[in-house]
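Remarks on the structure that follows.
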Amino acid sequence: MARGAPGPRRVDAPVVADLDVFWHPAGLEHDTGSGLWEAPPSELLEEQELHPENAERILNMRSVLQRGPLAPRLGWRDGRLAELDELEPVHDPRYVASIRDACETGGRRLGSTTVLSATSWPAVLAAAGTTLAAADAVISDDVAVAYALVRPPGHHAGPAVADGYCFFNNVALAAERFRSAGAERVAVVDWDVHHGNGTQSCFYERDDVLTISLHMRHGSWGASHPETGSPAEAGVGRGAGHNINVELRPGSGDGAYAEAFRRVVEPVLEQYRPEALIGASGQDASAFDGNGRMNVSMDGFHAIGTSMRASAERSGARLVLVQEGGYARTYAAFCLHATLEGVVGTEQLLADPIAYMPDDPTHASADIDAVCALHRHWGLR
């Protein structure tokens with residue numbers, strides 16, 4: 001099969017599937033290069049590292065979904081490129097033009113980690129457009145549950161800032177799409193290992209989009225990420241109390257994430273009762289991901305997917321997942337499969353090939369207590 005070819009189960013007409021995967025091959029053309037982790041190449045090394053956010057990681061994700069035991073329950077749909085005016089509900093048109101110009105003039109490094117190449121413009125449009133295609137299909141009842149397998153990721157991108165490998169905020173665009181289609185309440189739940197600061201900044205003063213981010217405690221990392229990700233960042237004005245950050249200390253694993261979903265995510269969603277639920281689906285909280293320091297296994301990701309499905313069912317919400325991080329090129333793909341098993345509602349179909357890290361289920365109790373104390377208006381205890 002050619003590198004950019006769609007999957008063999010791709011269809012052009014609606015099919016009955018438990019979950020439909022939206023895919024566009026232009027995402028493979030975003031060239032982030034190589035170097036010493038994320039810096040320019042080092043003259044000391046004979047073999048350079050690929051940039052963590054590379055095409056190989058989503059090729060493996062696509063392959064595991066096509067070849068794994070979940071494959072018979074998945075449909076495949078074509079994504080598309082976003083139109084420029086479709087980005088404007090979230091992004092300043094001048095910022096959009098600056099990203100296009102950077103690509104058209106050969107690419108640019110935006111900070112130390114966030115790289116544009118001469119071939120990136122179709123890729124960033126494909127990530128946004130394929131996410132919108134997934135949302136539109138759910139809005140129109142063409143599919144039951146949708147997952148957008150896209151890159152580059154988006155949850156660090158603000159209205160006029162690129163950050164953390166992200167240029168356009170795909171989940172924020174999907175949230176705005178649901179709002180424009182008439183949904184009065186939309187919720188975003190982000191379990192990428194890093195704080196969803198861009199999504200937070202998009203909706204910080206609003207109560208029609210509830211944002212919840214579970215992430216490793218890492219604080220601000222500079223001008224492109226001034227947000228700390230702490231529970232104290234709870235929203236302002238009408239948005240007060242509608243931005244919920246669950247910081248988890250490094251080393252947190254399956255038990256910590258399960259407790260966070262049980263004590264924070266599930267009760268908040270049950271009270272908010274969103275009409276649309278969007279999952280910012282990162283697998284970089286795994287025990288084998290170089291971009292994080294967490295210990296989540298396939299068991300933990302299966303539990304996250306199960307929780308998202310249950311919350312959507314309780315609220316009668318339409319459910320869309322969008323790919324964010326996940327940089328362990330082998331294990332992230334297996335963790336994605338486990339996540340979608342939970343979303344579809346199957347038992348764990350795929351064995352975990354390498355998980356062995358210990359997990360302390362009490363590891364995050366104090367951190368979650370702090371979140372609950374701040375957000376008691378949701379009835380958290």
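Descriptive notes on the structure:
- With loop membership from DSSP and a limit of 16 other Cβ atoms within 10 Å, the longest segment of the chain without GluC sites (Glu not before Pro) is 206-346.
- Average silhouette area of the chain, convex hull of alpha-carbon atoms, in square nanometres: 17.7 nm²
- Under 15 Å, Cβ to Cβ, from P226 - net charge with Lys/Arg +1 and Asp/Glu -1: -3
- The residues packed around Q200, meaning those with a beta-carbon under 10 Å from its beta-carbon, carry a net charge of -3 if Lys and Arg are +1 and Asp and Glu are -1.
- Low-density loop positions, chymotrypsin sites (Phe, Trp or Tyr not before Pro), segment 36-116 - DSSP coil, at most 11 other Cβ in 10 Å: none
- Summed over qualifying helices (DSSP H, 4 residues or more, each -39500 (n - 2.57)) and divided by its residue number, the chain shows a 222 nm mean residue ellipticity of -10000 deg cm²/dmol.
- For segment 61-176, the average shadow cast by the Cα convex hull is 7.6 nm², which is a quarter of the hull's surface.
- Accessible area per residue in Å² at 1.4 Å probe, computed on segment 175-285: 30 Å²
- Taking the protein heavy atoms of the chain in the context of the full set of protein chains, the accessible area attributed to carbon and sulfur is 52 percent at 1.4 Å.
- Proximal charge balance of D92 [Cβ under 15 Å; K/R count +1, D/E count -1]: -4
- Extent along principal axes [Cα atoms of segment 224-377; Å; largest to smallest]: 47, 33, 32
The values are calculated or read from the model by the stated rules, or taken from the named source; none is laboratory data. No experiment lies behind these values; they were computed from the predicted model shown. We place every Cβ from the backbone using ideal geometry, glycine too, and count neighbours over all the protein chains shown. Accessible surface areas use protein heavy atoms only, side chains included; no ligands, DNA or RNA. Shrake-Rupley method; radii C 1.70, N 1.55, O 1.52, S 1.80 Å.
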